């Protein structure tokens, strides 16, 4: 369906198509924000062919429905976190309970329940090796149900990109 065939009133804040997926205008707005999260509503509106008010309403709806979040992404090392690692966790018992507890750790940047060799994968961001050791030894391994862990220390981040678009 072409963008020209989509009729959007100035008060229309619908962000989804008739099948429940994101509509093309919402996707284009998201792509604009992924290129520059500080881009003005006026600039986004020009790029997608809406008024500034309609664009502002759609962005708010995307935020309200938790489709997007707008945040500053930092370089961990630049703000004092010089040790990053991926932690594989094997669990006995309730995997979700362990994942929830790990998610509460301030060092846990990303937590996923997965299939494969590990039950839970955790990206940890720490100040240094001593902080990483304390986090694993005192915070993760003491959680009831954690059977074992395996740590993959990051030596260098080769790619970190949040602009993967809406495909």
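Shown here: mean projected area of the Cα convex hull in nm², derived from the displayed model; of the candidates [x] 12.4; [y] 9.5; [z] 13.5, it corresponds to [x]. Across the range 113-167, Cα-Cα pairs farther apart than 15 Å form 62% of the total.
Once the C-beta distance of residue 147 and residue 13 is scaled by a Förster radius of 41 Å, the resulting FRET efficiency is 0.30 to the nearest 0.05. Helix 24-35 versus the longest principal axis of the chain: what angle, 0 to 90°, nearest 10, using Cα atoms? With both axes taken from Cα atoms, the answer is about 50 degrees.
At a 10 angstrom cut-off on C-beta neighbours, averaged per residue, how do the peptides 32-40, 74-82 rank from highest to lowest? Kindly include the intermediate steps, with their values, before the conclusion.
Values: 32-40: 13.7, 74-82: 12.1.
For the peptides 32-40, 74-82, the packing ranking is 32-40, 74-82.
Normalised by 2.2 N^0.38 Å, where N is the number of residues, the alpha-carbon radius of gyration of the range 77-153 equals 1.02.
Approximating the spin labels as points 7 Å out from Cα along Cα→Cβ, the residue 127-to-residue 51 distance works out to 5.3 nm. Let me know the shape class of the range 36-75, please: from the alpha-carbon gyration tensor, a ≥ b ≥ c as square roots of the eigenvalues, rounded when a/c is under 1.5, otherwise prolate if a/b is greater than b/c, or oblate. Note, shape of the range 36-75 comes out oblate. Rounded to the nearest Å, what's the spacing between the alpha carbon centres of the range 128-167 and the range 37-83? Just the number, please. Centre-to-centre (Cα) distance: 27 Å.
No value in this document is a laboratory result; all are computed from the given coordinates. Source: prediction; values computed, not measured. No Cβ is skipped: glycine too gets one built from the backbone with ideal geometry, and neighbour counts run over all protein chains shown.
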